Amino acid sequence: MLTRALLHLLSRGGPQGRLSILIYHRVAVQPDPLFPDECDAQRFDAQLRQLAACFNVIPLSDAVRALERGKLPPRAASITFDDGYADNAEVALPILQRHGLSATFFVAAGFLDGGRMWNDTVIELVRLAPGELLNLSEIGMGRFEIGTIPQRRQAIISLIDQLKYLPMESRQAKVDEMCALIPAIPPDDLMMTSDQIRTLHAAGMEIGGHTVNHPILARTDDSLARAEIANGKEMLEGIIRGPVRLFAYPNGKPQRDYLPQHPEMVKRLGFDAAVSTAHGAAGAGSDGYQLPRFTPWDRGELRFSLRLAQNMLTAVETV
Ligand SMILES: [Zn+2]
């Protein structure tokens, strides 16, 4: 296998070891016509087959420990999921089990048991909005053609762009105004239940912190940021009746989404390691509270492996 040999050259293990950490969010049963590039069951299955063939997939907490001690296996990789979608337990878990692989699930604790993240509310409202024109001008958010699927997708992208970096309260207020204006009822079963978290945990999967309400920490004052990180940890620990030791920064881009004080907070609050969404692979010199991660989106096997190889050569950004 050419790609395995290439990956081996780039990631030999031991003190020179490189750890590739993959990020997933949703794994839908079927491809979503609105977002055909997102992961679905069939694609996830193919990617795991490829990963199991080319990499030594290990739980993230084991990988972190091995990295600290210079004892990573060659071609080390860990699988992670962000946010806490119900399909992680319903769709991804059985596929992981079929391949004998383990993953870490970073869960925003405030949306469990019937909650919904603001971006999903926007997506589902626009998905369900009747007619061919979505007129949000009375709440200052513009008018959108939604007659075709690409137009609906474009409307979603521009609305999310408008809202993403607003302060948490004003963002939610805007989303509430959208809910009042659009005659559609978004689903309330997108995120996991507490029982599904326990199912993942009982199946040997790791549960990690991802705050309560998923704020952009860089836009949040320090005492609220600390409370979000600490309370999210505590809520999850109450659910699994065990320690939560890994953390993922919401959105996760260094400088843009979190700042130098945040890795420090995460450390003081008792986490062992944290992951960002800066690209690249972790190595001996990496900051254990800012480990880079990578989203694998290529469909073909060769391109998927080459993308992982390229990721190992990427310089990692930190704060
Ligand atoms: Zn997230």
With +1 on the Cβ of every Lys and Arg and -1 on the Cβ of every Asp and Glu, and nothing else charged, how large is the dipole of the chain about its Cα centre, in debye rounded to the nearest 20?
1360
For the charge dipole of the chain, defined by +1 on Lys and Arg C-beta atoms and -1 on Asp and Glu C-beta atoms about the Cα centroid, which residue among Tyr258, Gln47, Ile123 has the Cα displaced farthest towards the positive pole?
Gln47
PRE zone check, label point 7 Å out along Cα-to-Cβ of Ala202, amide N under 11 Å, scope the stretch 88-109, hits none
Towards the positive end of the charge dipole of the stretch 158-308, with charges on Cβ (+1 Lys, Arg; -1 Asp, Glu), say which of Gly204, Ala227, Gly300 has the farthest Cα.
Gly300
Label-point separation, Glu90 to Leu6 (7 Å along Cα→Cβ), nm:
3.7
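Between Arg65 and Ala180, 0.36 nm times their residue separation minus their Cα-Cα distance comes to what? Please report the intermediate quantities before stating the final value.
Values: separation 115, 0.36 × 115 = 41.40 nm, distance 4.89 nm.
Extra length from Arg65 to Ala180 when fully extended: 36.5 nm.
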Roughly speaking, what is the stretch gain from Leu302 to Leu269, that is 0.36 nm per residue apart minus the C-alpha to C-alpha distance, in nm to one decimal?
7.8 nm
Gained length - Glu317 relative to Ser194, 0.36 nm times residue gap less alpha-carbon distance
40.9 nm
Simple label model, 7 Å out from Cα along Cβ direction - Gln310 to Arg49, nm
2.4
Relative contact order, percent, of the chain when contacts are C-alpha pairs under 8 Å separated by at least 6 residues?
20
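Each reported figure results from applying straightforward, stated rules to the coordinates on display, with no laboratory input. These numbers come from a predicted model, not from an experiment. Quick reminder, even Gly has a Cβ in these numbers, built from the backbone with ideal geometry, and neighbours come from all protein chains shown.
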